[in-house]
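Here's the structure, in structure tokens; my notes come after.
The values are calculated or read from the model by the stated rules, or taken from the named source; none is laboratory data. Note that the coordinates shown come from a computational prediction; the quantities given were computed from them, not determined experimentally. Glycine also receives a Cβ, built like all others from the backbone with ideal geometry; neighbour counts cover every protein chain displayed. Accessible surface areas use protein heavy atoms only, side chains included; no ligands, DNA or RNA. Shrake-Rupley method; radii C 1.70, N 1.55, O 1.52, S 1.80 Å.
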Amino acid sequence: QVQLVESGGGLVQAGGSLRLSCATSVSIGSFVTMGWYRQAPGRQREFVAAVTSDGNTNYIESLKDRFTVSRDNAKKTVYLQMNSLKREDTGVYYCNARRWSGTTGNFVDYWGQGTQVTVSS
């Protein structure tokens with residue numbers, strides 16, 4: 001029932017910008033938090049940014065001045081605006097959604113298939 005589809009990735013030069021989108025199949029309000037993870041070649045997946053159900057945002061310290069996470073409830077879409085991109089930002093970016101399951105009694109994570117971001121120079 002829950003589907004997450006990322007888009008907006010591509011090739012960009014260092015210093016440029018990209019905006020990633022994550023379209024959901026259900027209401028954003030059904031998730032405790034939605035956000036983004038990324039995985040660089042040869043590295044493990046790491047947290048990037050997220051927005052909670054009450055509108056609060058969280059970022060890793062090294063990215064909060066360049067990246068912005070936002071949401072549009074009407075469009076059922078979460079965004080990641082990435083500015084001043086650096087070569088080390090290269091990787092596959094995954095949309096993540098988390099919600100409480102009354103059936104299992106714990107949180108459940110849903111993942112998109114990812115979108116490639118490549119920063120040159």
Which ones in the stretch 57-84 are more than 21 Å from Val5 (Cβ to Cβ) and either surrounded by 14 or more Cβ atoms within 10 Å (Cβ to Cβ) or at pLDDT 95 or above (or both)? Thr57, Asn58, Tyr59, Leu63, Arg66, Asn83, Ser84
Within the set of pairs 6+ apart or on separate chains, which have a first residue in the stretch 90-112 that is among the charged types (D, E, K, R), a second that is not in a strand (DSSP E or B), and C-beta atoms under 8 Å apart? Arg98/Phe31; Arg98/Val32; Arg99/Ser30; Arg99/Phe31; Arg99/Val32
With respect to Arg38, is the statement that it is closer than 29 Å to Gln1 by Cβ, of a type in the set (Lys, Arg) and in contact with a strand residue (DSSP E or B) (Cβ under 8 Å, 6 or more places away or on another chain) true? yes
The correct count of residues that are part of a loop (DSSP other than H, G, I, E, B) and not hydrophobic (A, V, I, L, M, F, W, C) in the stretch 9-59 is 15
Give the stretch 88-109 a look and list any residue that's open to solvent by less than 60 Å² (accessible area, probe 1.4 Å), of a type outside the set (Gly, Ala, Ser) and touching a Phe, Trp or Tyr at 6+ places or on another chain (Cβ under 8 Å), or say none. Tyr93, Tyr94, Cys95, Asn96, Val108
